[in-house]
Every structure is written in C-alpha cells, then in structure tokens.
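Enquirer: My structure is below; once you've seen it, I'll send some questions.
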C-alpha cells in the first residue's frame, strides 16, 4: 500500500461531518502535492529506518533547512532528520495540521559523552558479603550542532563567543545530558561544560544548548 492509499484508508468519508470531509479532502490534496512534486525527496527520522516523504528547501544555506512533511506525520523539536549523508537537528517546528514542518540545523560534529557505570549487587560471597559489578558504562557519539557564535537580532547576524568558548545543541534525552563541569577532549583540546540551557525543552521534548569552555587540562 502506498502513502496515498494508506492515507485514504485513515480518512474514509463514512460518517464524517461536512467539516471533517472538507478537511480530509484538503489533506489528500496536500499529500498529493508532496508525493507528486518533482522536488520530493525522502528522509529518515531519528533511528527509524523507514523513509518519510518531504519537500526540502534551504532557509538560509544548506546548514539550515525547512522540511515539509505530509499531514499527520509525527514530528517534534529535537528530532534528527537524516537526509542522504547529512543529519539535521530539528530546532523549530511549524505545527500546521496540513503542512507540518521542521526547521533543522546541520549537525556538524559529534559530542562524545561518557555514561558512568552503575554499581549493582549481584550476590554474596562465602562470608555473606555482597559482590558488586559495575555495569552500563558506555561512551556515546551524539550528532550535534556545534558553533562558536550566537545569533544577533542586528541585521540577522551572529556574534562570536569569547575565545575558547563553544555551544553545542543536542536532543533532550534525560539520561544523556552532561552535568556542569563535565570534561572531555575535542580535537585534541580539553573542554568543560559551564552551562546547560533547557530553554528549548517543553514537556520533556526538545533540545538543550550546552556551553563549553576550553581548559588547560582534562578533569574526567
């Protein structure tokens, strides 16, 4: 079953009100417009291997793009949009029922985040003393948007950060957010997390901005 047939099955006119029927017709037109567009392409969302039809356009350059989806596509801020060999982080969303859109910024680097092991009791020894094992330690390579500039309202420009400072944006995943003073090495230089902003997280959905500062040594 193709996308159009599947969509028609969900919006069958049986028992619909006139308003619902008009809405369903409009949605079918929207999905037809995308599926029959000569500029249509396909992307993957997050870890999903299924291809999702979209119309893609540059908002500024290819570093920031608008992804127009078919109606009722499940999308949200903080999603990854994989297009060809590029990955975009959704930093804004247009919640239009007919024309849902995500605005994505190109992920230009990887954030290496170590999750410490958790010590758990796995039994007792011959003397009745607990036996422990450390489990769950891992290092994640998280696609991120990394920049040394912050947006400015003056002529749509950007302001450089102080020397050695950077900001990265990653999806909000509760157990994958570094704490203040978390240290790591990036391209041979040591950095430390100085601030984590949750301004763009609403109801546990969105992305965080992590401010980094280059240091003289690695603490962790």
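Enquirer: Of all residues being assigned to a strand (DSSP E or B) and in contact (Cβ under 8 Å) with a residue 60 or more places away in the chain in the stretch 171-184, which is farthest from residue 212 (Cα to Cα)? Just the residue, please.
Expert: 171
Enquirer: Can you find a residue in the stretch 170-185 that is modelled with pLDDT of 80 or more, loosely packed, with under 10 Cβ neighbours inside 10 Å and either closer than 21 Å to residue 104 by Cβ or touching a strand residue (DSSP E or B) at 6+ places or on another chain (Cβ under 8 Å) (or both)?
Expert: If we filter the stretch 170-185 for residues that are modelled with pLDDT of 80 or more, which is where we start, we get 170-185.
Okay, now just the ones that are also loosely packed, with under 10 Cβ neighbours inside 10 Å, so 174-175, 179.
Next, from what is left, pick out any that are either closer than 21 Å to residue 104 by Cβ or touching a strand residue (DSSP E or B) at 6+ places or on another chain (Cβ under 8 Å) (or both): 175, 179.
Within the stretch 170-185, one or more residues are modelled with pLDDT of 80 or more, loosely packed, with under 10 Cβ neighbours inside 10 Å and either closer than 21 Å to residue 104 by Cβ or touching a strand residue (DSSP E or B) at 6+ places or on another chain (Cβ under 8 Å) (or both).
Enquirer: Could you list, in sequence order, the residues of the stretch 99-135 that are assigned to a loop (DSSP other than H, G, I, E, B), modelled with pLDDT under 85 and surrounded by 11 or more Cβ atoms within 10 Å (Cβ to Cβ)?
Expert: Matches in the stretch 99-135: 117 only.
Enquirer: So, one more: Return yes or no: is residue 162 in a loop (DSSP other than H, G, I, E, B), at pLDDT below 95 and surrounded by 12 or more Cβ atoms within 10 Å (Cβ to Cβ)?
Expert: On the way: in a loop (DSSP other than H, G, I, E, B): yes; at pLDDT below 95: yes; surrounded by 12 or more Cβ atoms within 10 Å (Cβ to Cβ): no.
No; evaluated as a whole, the condition is false for this residue.
The values are calculated or read from the model by the stated rules, or taken from the named source; none is laboratory data. These numbers were taken from a predicted model, which means no experiment stands behind them. Because the Cβ atoms are built from the backbone with ideal geometry, glycine has one as well, and the counts that use them run over all protein chains shown.
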